[in-house]
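Student: This is the structure, below, for whatever I ask next.
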Amino acid sequence: VSSAAFEAARRRLVEVLRQVLVRHRKEDLDLPRPRFENVEIDVPRGPDETEDAFQWRIDQALGDHIARCVTEAERGGAQHNNRLNDAAVVNSPPKFAVFSQHDTDLQSVAEVLYARLGATKVAE
């Protein structure tokens, strides 16, 4: 396929898509602003506690904190005004992203979230 034919096909595709697609920005939907929070949980270390056991308790505390935040957000509901009046958007559940620079810590927190929130509310 020549580059001219490719470019002509691309232009035609863009033309067709512009006629059938609706694109909205976050501002158009009047979505609530994202909230960024760096959480560090202070967990006192027990005497004779192994490093793995201590890290697991930290991960449990972080998972519990996130689960509480999810529950509180769900109770608060979608309290923003949506100009499109789209029930699917207005009533959508809150979404959270959890990051860690250590895969094993992230897996431990995920285990806690699965246990507290259930598999339908957690995606990896």
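Student: Pairs only if they're at least six apart or on different chains, beta carbon under 6 angstrom, first in segment 51-68 and open to solvent by less than 50 Å² (accessible area, probe 1.4 Å), second not hydrophobic (A, V, I, L, M, F, W, C); list them, first residue then second.
Tutor: What qualifies is F54/R45; D59/D105; D59/S108; A67/R116.
Student: Please specify each residue of segment 103-120 satisfying the condition of being surrounded by 10 or more Cβ atoms within 10 Å (Cβ to Cβ) and at pLDDT below 85.
Tutor: Answer for segment 103-120, where residues must be surrounded by 10 or more Cβ atoms within 10 Å (Cβ to Cβ) and at pLDDT below 85: T104, D105, L106.
Student: For segment 36-53, check the following and say yes or no: at least one residue is part of a loop (DSSP other than H, G, I, E, B), modelled with pLDDT under 70 and within 15 Å of the chain's Cα centre (by Cα).
Tutor: Kept after step one, since they are part of a loop (DSSP other than H, G, I, E, B), are these residues of segment 36-53: 36-50.
Cutting the leftovers down to modelled with pLDDT under 70 gives us none.
No, segment 36-53 has no match at all.
The values are calculated or read from the model by the stated rules, or taken from the named source; none is laboratory data. Keep in mind it's a predicted model, so treat the numbers as computed, not measured. Because the Cβ atoms are built from the backbone with ideal geometry, glycine has one as well, and the counts that use them run over all protein chains shown. Areas reflect the complete protein model, heavy atoms only, side chains present, ligands, DNA and RNA absent. Shrake-Rupley method; radii C 1.70, N 1.55, O 1.52, S 1.80 Å.
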